[in-house]
Amino acid sequence: MAELAIEQKSPRSDTAFRVLVVDDDPDMTAFLAALLRRQGIEVGIAGDGNAALARVAEAPPDLMLLDVMMPGPTGFEVCKKLKSDRATALMPIVLVTALEDKESRVKGIEAGADDFLSKPVNPPELLARVQTLRRLHETRRELESRRQLAQLQRKEAIRKAFSRYISPRLADRIIQDVGVEGGPFNAGAQRSNIVVVFVELRGFADLIESRDAPEVVAMLNERFAALTEAAYHYDGTVLNMTGESMLVGFNVPFLQSDAASRALSTATEMLGRFGSAALRRGHDTDVGLSLSAGICMGEAVIGNVGSPHYLSYTAIGDPVDTAAQLARLAGANEVLVCGRVHEAVRGLLPAGTLAPRADATLQGRPGTVQVFAVRV
Amino acid sequence: MTKDSYTVTVPKDLADLIPTFMSNRKKELQTLRAALAALDLEQLRQLGHRMKGVGNSYGFEKVSLLGKQIEDGARSGDRSALEACIADYDDYLARVSVVYG
């Protein structure tokens, strides 16, 4: 009788409620399909358990009416399989069975069936059960779309918040990382090899004495904006910003195999942008402002540091301290790098880009460190 | 064996399905006979189970009743009961008429 299994195709719509009828008796599937289609329900038909699983994999229906005694996998087995799969666990399944014993009902419940319908099928009972599950399904779908909207809004809020500190591209990666176990922003504090650029603005102390506060703040903001753009251009992360200094990290929070090159390019671009920012103000070009930077790499502790009321995602450790001291050693509009950064980039840059300077003695460090100046 | 005629009322919107349904019942009767001749009790049980489920879904109460009796007869291996049921089914299919309402 298999040749009698006729599936009437009806136009598919995204909003239609779709039911998959699974039964090896074509008279039964034809009967159930006719009742459901009369209600405007889109119906698919599968003649056994394997065909049902294939149909679900292709396009999961909104509800399944599932016969129990079929050749191949039984309805219990199909139900159990679908209910143990996260992708299909929420799909309502009604077991349609002529089995009358309580043991079969228990077996169905254990397999995860949402409801039972006895054969012979009573049409009003069938339609009542389907309508109930349809309403539940629609409520669930509504809740799911609200949940997705809320998640989108939450991600957008995170994007806006983080975009103040990191480049938009990194913000997108962090959003992807939200909820991922072991992701950089979900892990606790950790040790990482990073490259940092410590930038110091000089000359503002004198300006504060001679200029109005709004003017000083406007000048600072203009320059910090230019420096931040340079950092974002190379996907750096702003780890700290004080009144007259800025700390930018690379290889954090995500790996950057060319972190040292990025740091060097950032510092060079910062010098260029800092000059341009001054030029844009015209009459303020000669106000005695300058920039110096130090770059160092090494192991640092990365994490959210602060109190429960104020947290800052930042880095602490030797490379940060060394970069800060190099920035202080640097002359006006000069960038100094430590020996480790020189080692990492020397094969990648035109000869002479980094010029050796006299080894320096740093505060709190025994001996001296190698220092190189960037020739712009 | 009753000589009464049987009338089944089927909803109008299932009318299209009835010719196939009736044709399948006649094929089913042949399959039942063959299974009984071979004393294939498992097939008889499965056929009876199927009749029980589908018969009264369409409004053919007697098909479901006979299906249950065949399923039970196959389980207990009661050949004479099975023979009587199949003869009754043959008679029923010959006499049943359908009206649409």
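Restricting the calculation to Cα atoms, the range A:2-142 shows an Rg/Rh of 0.92 when the hydrodynamic-style radius is the Kirkwood one.
Distance between the 7 Å Cα→Cβ label points at B:ASP16 and A:LEU207: 8.1 nm.
Amide H contacts for A:SER245 (H built 1.01 Å from N in the peptide plane; partners 5 or more residues away or on another chain; cut-off under 5 Å): A:LEU201.
Relative contact order for the range B:6-100 using alpha-carbon pairs under 8 Å, separation at least 6, rounded to a whole percent?
Values: 104 pairs, mean separation 37.1, N = 95.
It rounds to 39 percent for the range B:6-100.
Under the combined filter of DSSP loop state and at most 13 neighbouring Cβ atoms within 10 Å, the range A:47-156 retains these trypsin sites (Lys or Arg not before Pro): A:ARG86.
A simple rule links phi to the HN-Hα coupling: the Karplus curve 6.51 cos²θ - 1.76 cosθ + 1.60 with θ = phi - 60°, which for the range B:85-91 gives 5, 5, 5, 5, 5, 4, 4 Hz, with x for Gly and Pro. One equal scatterer on each Cα of the protein assembly as shown, no solvent, Debye formula: the resulting log10 I(q)/I(0) at q = 0.07, 0.09 Å⁻¹ is -0.60, -0.70.
Shown for the range A:186-374 is the translational diffusion coefficient from the Stokes-Einstein equation, using the Kirkwood radius over Cα pairs, a temperature of 25 °C and a viscosity of 0.890 mPa s: 144 µm²/s. Residues whose amide H lies under 5 Å from that of A:MET70, counting only those 5 or more places away or on a different chain, are A:GLY75; hydrogens are built 1.01 Å from N in the peptide plane.
Our summary gives chain A a relative contact order of 11 percent, counting only alpha carbon pairs under 8 angstrom and 6 or more residues apart.
Mean sequence separation of contacting Cα pairs (under 8 Å, at least six apart), scaled by the length of the range A:186-374, corresponds to a relative contact order of 25 percent.
Can you tell me what share of the DSSP beta bridges in chain A is antiparallel? A percent to the nearest 5 is fine. All intermediate terms of the calculation are to be shown ahead of the outcome.
Working: 39 of 60 bridges.
Taking every DSSP beta bridge within chain A, about 65 percent pair in antiparallel fashion.
Annotation for the range A:287-345 versus the range B:46-74: alpha-carbon center distance of 84 Å. Taking a Cβ cut-off of under 11 Å around A:GLU100, the surrounding Lys, Arg, Asp and Glu residues balance to a net charge of +2, with basic ones at +1 and acidic ones at -1. Unpaired cysteine residues in chain A (no second Cys Cβ under 4.7 Å): A:CYS79. Which stretch or stretches of the range B:56-89 have amide N atoms under 12 Å from the point lying 7 Å from B:LEU39's Cα along the Cα→Cβ direction? Residues B:77-80 fall inside that zone.
Only counting other Cβ atoms within 10 Å, I'd like A:LEU362, A:LEU82, A:LEU264 sorted with the fewest neighbours first. Provide the component values of the computation, followed by the final result.
On the way: A:LEU362 19, A:LEU82 22, A:LEU264 28.
Placing the least packed residue first, the sequence is A:LEU362, A:LEU82, A:LEU264.
Would you tally the net charge around A:MET28, using a Cβ to Cβ cut-off of less than 9 Å, leaving A:MET28 out, and scoring K and R as +1, D and E as -1? Result for the local shell: -3. Modelled spin-label separation between A:LEU349 and A:GLU138, with each label point placed 7 Å from Cα along the Cα-to-Cβ direction: 6.7 nm.
Go through B:ASN56, B:THR9, B:ALA81 and say which Cα lies farthest out towards the positive end of the charge dipole of the range B:6-100; charges sit on Cβ, +1 for Lys and Arg, -1 for Asp and Glu. Farthest towards the positive pole: B:THR9.
Per residue, how much space in cubic angstrom lies within the convex hull of the C-alpha atoms of the range B:6-100?
Convex hull of Cα atoms, per residue: 73 Å³.
Here the gap between A:VAL106 and A:GLN148, fully extended at 0.36 nm per residue and compared with their Cα-Cα distance, gives a gain of 11.6 nm.
Does the range A:12-81 classify as rounded, prolate or oblate by the C-alpha gyration tensor (a ≥ b ≥ c root eigenvalues; a/c under 1.5 gives rounded; else a/b over b/c gives prolate, otherwise oblate)? Judged from the Cα gyration tensor, the range A:12-81 comes out oblate (a/c at least 1.5, b/c at or above a/b).
Rounded to the nearest 500, the 222 nm mean residue ellipticity of chain A from helices alone is -14000 deg cm²/dmol, with -39,500 (n - 2.57) taken per DSSP H run of at least 4 residues.
Coordinate-derived values only; no laboratory data. The structure presented is a predicted model; accordingly, all values stated were derived computationally and were not measured. No Cβ is skipped: glycine too gets one built from the backbone with ideal geometry, and neighbour counts run over all protein chains shown.
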